[in-house]
Amino acid sequence: MEQNLSNGSGVGSLVCGIVGVLTGWLFGLGAILGIIAIVLSAQSKKAVGNNGMATAGLVLGIIAVVWGAFYLLCTICIGGIACLGA
């Protein structure tokens, strides 16, 4: 009998990656969701094997981390400049 492997981690990775990219400008939320997407993608690739959803989640997770970190850094810099009164 064949065992039906569930790909819940792959789907979760893809969803977190998409939401992370879309919310990357929300003060680091995208970076947090991107990290979760990367972890879920690694778990999915380990359990199920190499699949498209896990790979897409990994790529989107990396983009979300970079995008979110960039916006968080910009927000901190702009806030610092504003506090200096420049």
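None of the figures in this text is laboratory data; all of them are computed from the coordinates on show. In this text the structure is predicted, and so the values were computed from the model without any measurement. Note that each Cβ is placed from the backbone with ideal geometry, even for glycine, and that neighbours are counted across all protein chains shown.
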Provide a single number: the residues in segment 56-86 that are within 15 Å of Gly20 (Cα to Cα) and among the β-branched types (Val, Ile, Thr). 5
Examine segment 63-79 for a residue that is polar (S, T, N, Q) and surrounded by fewer than 16 Cβ atoms within 10 Å (Cβ to Cβ), and state whether such a residue exists. yes
